[in-house]
Each structure stands twice: as structure tokens, then as C-alpha cells.
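Encoded as C-alpha cells, the structure appears first; notes follow it.
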Amino acid sequence: MYYMLKQIAATGIKTEAAPQPDEALRAVADRLGAEVLQYFDGALTIRHVDAGSCNGCELEIHMCNNPYYNLEGLGIKFVASPRHADMLLVTGPVSRNMEVALKRTYDATPEPKLVVAIGDCGCTGGIFGESYASCGRVSNVIPVDVTVPGCPPTPLAIMQGILTAISGGKR
Amino acid sequence: MGPVHAGIIEPGHFRFSIVGETVLRLEQRLGYKHKGIEKRFEGMTLAEGARLAGRVSGDSTVAYAWAYAMAVESAAGVIPPPRALWLRALLLERERVANHLGDLGYLGNDAALAFGLAQFMCLKEDWLRANQAVFGHRYLMDAIVPGGVARDLAPDAMGGLRYEMDALEATVTSLKSIYDEHAGLQDRFIQCGNVAPALAARLGLTGVAGRASGQASDLRVEHPSIPFRELEVRMATHRNGDVAARVTVRFEEIFESLRLCRLILDRLALGEPVIEVPLPPAGAFGVGWVEGWRGEVFVALETGPEGRIRRCHPHDPSWQNWPLLEHAVIGNIVPDFPLINKSFNLSYSGQDL
């Protein structure tokens, strides 16, 4: 125990400042009313859905929770069920085999809900594109509010996308 | 359970048969991430193919990019300059360290030691930031191209890398002793998710998981390419085949990779980091075989007319290892499944293609 405490003390607080929302990322203008968004502000629950990514985006979403970025410190946390979620964070081109699962996850998420598409593949289909096995971009399957490009997008870019979605054009 | 799981994880369907808390049987149904990668390769230029190969499984992007580049180079009959090969080895070992750091953090977390996750994630973040600063990408995507490496290592960056490795080694050493001494953690790790060496040999368990189950196999040792031939890699092995063994192998491989990275920086050849690869004729074959962090990555390539790809098959070590996970969980309790799964940390994307 002594060595753990010593290591914690030596590490100190690593958390850095959070990014600001970026209106350029918004795909749909103000889908949710401002009064609804104020409920999300400061307490948001996210369900991550990997719809067919290469797992690069998942690595960076994991990194959003590390002490440097400390997403949970902003009141934003990942939950185990879409029924508990306010937002879906969707990665990858949507594979045909995940199409139904993604739609069902979207339907299981209670209104009002937000969708953020992560990564070049989620935004455009990326290098995998559309084919017999891939439906391409996320917005081909479910409505998308904010898109975050990058291969993979950095944790700061992902956080910026999430914060843009819940800022509702206020800031 | 699944394909959409309770966590930030790739999709797969797991069907458990349980009695009380004990798992009688696990059936894995994969294929949800099939997005037609092999079909996508067809007709691509060799340069486009390099980008796609680096995205078969994002966590192994260096291993895939190297294996693909090796396949292209063997089809074209060229050998990249020594500096390129040494830099590729440096990138491969950096990828290994990054992934092992992440896994060790999550293995601590899955056994309820959140301290371990926080510590290892800080180390991984520092490591990724150095990748970004020195090589231009946090996960080193597109750093390896057919003919060499896309970005040379600046001489003034070497001091910083050495300093960073010394700091990392010191911290990982103290974290290892904390993990080793932690009774609660070891209670979860030891005798959990067993794969006996005989079973591992029969079903062809490979890579990190294989080496933890007595399968002394590592391409860097058995079929060393340049520069591993000169570096004399010391293989990490264990015979217990449980989660604890897979943790130990990961710790040992981090220390060994740091030793290799230092040697590479000491002996890095001078010269060009990349050469032009002539277009291979139609119908030329090439293969690439690289020991990635998870295990051996294999790429087979056939060229078509105008230097385009006719067929390309990337093969992930997860393909061999997934069936072993079904065996490893038998007789364990359901709450240990995430721990066992993480100790293998197999790729869904690389398996489903």
C-alpha cells in the first residue's frame, strides 16, 4: 500500500484543460431544443457502438478516460446500456452485419438523443467505403448530429465533438 | 451477450452456458465487423494498399504495414535500405510497448485495481505523444510505406527518446513490483483462464498468449529479419498459461523492447530511409511475415496489371487464438471473463476482415 500511495503522490494531477466546442463539426443544426440541452450540460451518459471500425478509434476513445483528458471529470461518462444513454458515439464504417444492431441500439436509446460519428470512416466511409459488406458512413444508417474526422481523431478532437453536440450552438 | 457490449470494445456475440457462477461453455460468434477488406484491396494501387493494410487492425498498424511492405518488396524484388529496416524495427517495438502498457492497465482495472489503469494510461499517453512528436502519428499509422519509412528519425530526437525510455523503465519496474506484491490482484490473476501447454500446442496458440502457455515461438527469434538478426531478441516465455503468465510475459516484453529500442538507436545505420519501388510485373507474388505485438502477422499479395493489386490476404494472429479463448474460460466464473478476454486481447477487426 505504501508504494502505491508513493506512486500516486509522485504522479500528481495530470489533468489538462478541456477543449472548446467547435461549430464546424456540427452536421445538423440544433436538432434538440436549447432547454433540453441544458439538462445534458454537465451530466451526459454515452453508449459507444463500434459499427465496424479497425479499432483505432476505440484506442483513442479509451484514451479520453485517461488522467490527462479525464472526460469523466467533465461529468461525461460511458454507460453499459443504450437505455441509460443520452448519446451514441459511433465508430467505423457501418458493416452490413452491424447495420441491424446499430439501428436497434439507436431505437433503444431514449429520446432526446444525440449521435456523434467518430473518425474518417464514420464521417465518410473512409478507406473502407461502401461495398457488399459495408454501408459506409454512419449517417447512411442512423441520423448523425456531429461528425469528428481523423484517422483516428485525437482524444481532444473526440472530446470537442462530444462538447459540440451538447453545447447546442449556445457557445 | 452482444454484439453491442457494455464497454468500449469491438462487437462480437458471446453465448455462455453457465451453472451458477461457473462457465460450462462459451460459444463465440464473430463476423460482425466483416467489411470486405480483401475485396477492397482488389484493383488498388500498391500505395493505396499500404494505407488499407495499416487499417486491418488499428492496434497492429505497424505490424500490418511492415508485413504488407515486405510483400510488395518481395514481389518487386527489391530490398529496402538498412536504415529503413532499422527504423521499422524501432516502430514495431514502440507499438509493442504502447499496447502492452494499455493491456497491463486494463488487466489491473478488470481485477478492480483502478490505480493500475490510471498509472499505465499516463505512461501510454506519454509514449503516444512522443510518437506524435517524433514520427508524426500517435499510433504510427502510415509511417511504414513500401520501399522504406515515410518519415526519417531526426538525430536531435534520439536524446529525447532515450530519456523517455529510461523514465518509463523506472516507472514500469516499480509498478511491476506493486502488481507482484498485490495479494488481491494476484488472487484474480493466478490460475485464472488456464490454457495448458499441450492444448496450446494442439490448437496452435500463437503470439503473446502462446508464449505464456509454453509455445516458445517468436518470429524475431526463429526467423529473424534484419535488424533482429543482429539484436538477438530474448524471448519471454512462461508455462503456467494463466492470466498471471500473460501479464508476466507482457512485462518482460516491455523491458526487452526497451532494450531493443536502445540498441537500435545506438546502431542505427545511416543512409536513405526510403527507396523507389519499381512496379512489379502482373502475376508477381509476395509475402510478408512480422511478429506484431499480438503475434505473427502475415500478408500474401498477388499483383495485377499496371502495378495494381490482384489479391491480397492479411492474416491476423487472433484468427488462431479466438478458439483458445473458448477453452480458457471453461470452469471459470462469469465475472472473470472480462479479465481472461483482456489477457488475450484479440482483434475482432483483424479476424473478421
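The values are calculated or read from the model by the stated rules, or taken from the named source; none is laboratory data. As the structure is a computational prediction, the values presented were derived from the model and not from experiment. Cβ coordinates were reconstructed from backbone atoms using ideal geometry, including for glycine residues, and neighbour counts include every protein chain displayed.
If you go through region A:1-25, how many residues are within 11 Å of chain B (Cβ to nearest Cβ) and of a type in the set (D, E, K, R)?
Qualifying residue count, region A:1-25: 3.
Identify all residues within region B:260-281 that are in contact (Cβ under 8 Å) with a residue 12 or more places away in the chain and outside any loop (DSSP other than H, G, I, E, B); write none if there are none.
Looking only at region B:260-281, we keep the residues that are in contact (Cβ under 8 Å) with a residue 12 or more places away in the chain, and these are B:260-265, B:267-281.
Of everything in region B:260-281, those that are in contact (Cβ under 8 Å) with a residue 12 or more places away in the chain and outside any loop (DSSP other than H, G, I, E, B) turn out to be B:L260, B:C261, B:R262, B:L263, B:I264, B:L265, B:R267, B:V274.
Identify all residues within region B:222-252 that are part of a helix (DSSP H, G or I), under 16 Å from the mean Cα position of the chain (by Cα) and closer than 18 Å to B:P317 by Cβ; write none if there are none.
Correct list: B:R246, B:V249, B:R250.
For region B:91-130, how many residues meet the condition of being more than 15 Å from the chain's Cα centre (by Cα) and either away from chain A (no Cβ under 12 Å) or among the small types (G, A, S) (or both)?
10
Could you check how many residues of region A:54-70 are out of contact with any Leu (no Cβ under 8 Å at 6 or more places or on another chain), more than 7 Å from chain B (Cβ to nearest Cβ) and buried (at least 22 other Cβ atoms within 10 Å of the Cβ)?
2
Yes/no matrix, rows are residues, columns are (1) under 13 Å from the mean Cα position of the chain (by Cα); (2) not in a loop (DSSP other than H, G, I, E, B):
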| site | (1), (2) |
| --- | --- |
| B:H313 | no, yes |
| B:W322 | no, yes |
| B:E326 | no, yes |
| B:I340 | no, yes |
| B:L346 | yes, no |
| B:G350 | yes, yes |
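Being away from chain A (no Cβ under 14 Å) and β-branched (V, I, T): is that true of B:V172 here?
no
Determine which member of the set B:L85, B:L30, B:L52 is more than 14 Å from chain A (Cβ to nearest Cβ) and among the aliphatic types (A, V, I, L, M).
Only one candidate qualifies: B:L85.
From the residues in region B:310-324 that are of a type in the set (A, V, I, L, M, F, W, C) and surrounded by 22 or more Cβ atoms within 10 Å (Cβ to Cβ), which one is farthest from B:F255 (Cα to Cα)?
Selected residue: B:C312.
Enumerate the helices (runs of 4 or more DSSP H) found wholly within region B:54-145, keeping only those where 2 or more residues are of a type in the set (K, R).
B:82-110, B:114-135
A:M63 is checked against (1) touching a residue at least 24 places away in the same chain (Cβ under 8 Å); (2) of a type in the set (A, V, I, L, M, F, W, C); (3) assigned to a helix (DSSP H, G or I); (4) under 18 Å from B:P11 (Cβ atoms) and fails just one. What number does that condition carry?
(4)
What number goes with the only condition from (1) modelled with pLDDT of 90 or more; (2) under 14 Å from the mean Cα position of the chain (by Cα); (3) at the interface with chain B (Cβ under 9 Å from one of its Cβ atoms) that A:A85 does not pass?
(3)
Please name all residue pairs, on different chains or six or more residues apart, with Cβ atoms under 9 Å, provided the first residue is in region B:314-336 and is more than 12 Å from B:G193 (Cβ to Cβ) and free of Cβ contacts under 8 Å to residues at least 60 places away in the same chain and the second residue is surrounded by fewer than 20 Cβ atoms within 10 Å (Cβ to Cβ) and aliphatic (A, V, I, L, M).
If the second residue must be surrounded by fewer than 20 Cβ atoms within 10 Å (Cβ to Cβ) and aliphatic (A, V, I, L, M), the pairs left are B:H315/B:A300.
Could you tell me how many of the residues in region B:179-192 are without any contact (Cβ under 8 Å) to a residue 60 or more places away in the chain and within 14 Å of chain A (Cβ to nearest Cβ)? Let's see the steps before the verdict.
Of region B:179-192, the ones without any contact (Cβ under 8 Å) to a residue 60 or more places away in the chain are B:180-181, B:183, B:186-187, B:190-191.
Now restrict to residues that are within 14 Å of chain A (Cβ to nearest Cβ): B:180-181, B:183.
Number of matching residues: 3.
Restricted to region B:187-207, and to residues that are exposed (fewer than 15 other Cβ atoms within 10 Å of the Cβ), in a helix (DSSP H, G or I) and not hydrophobic (A, V, I, L, M, F, W, C), which residue is farthest from the chain's Cα centre (by Cα)?
B:D187
Which of the residues that make up region A:119-141 are in contact (Cβ under 8 Å) with a residue 60 or more places away in the chain, farther than 20 Å from B:G12 by Cα and either part of a loop (DSSP other than H, G, I, E, B) or more than 10 Å from chain B (Cβ to nearest Cβ) (or both)? Explain how you work it out, then say what you get.
From region A:119-141, those in contact (Cβ under 8 Å) with a residue 60 or more places away in the chain are A:119, A:121-122, A:128, A:134, A:138-139, A:141; that's our starting set.
Within this subset, residues satisfying the condition of being farther than 20 Å from B:G12 by Cα are A:119, A:139.
Passing the criteria: only A:S139.
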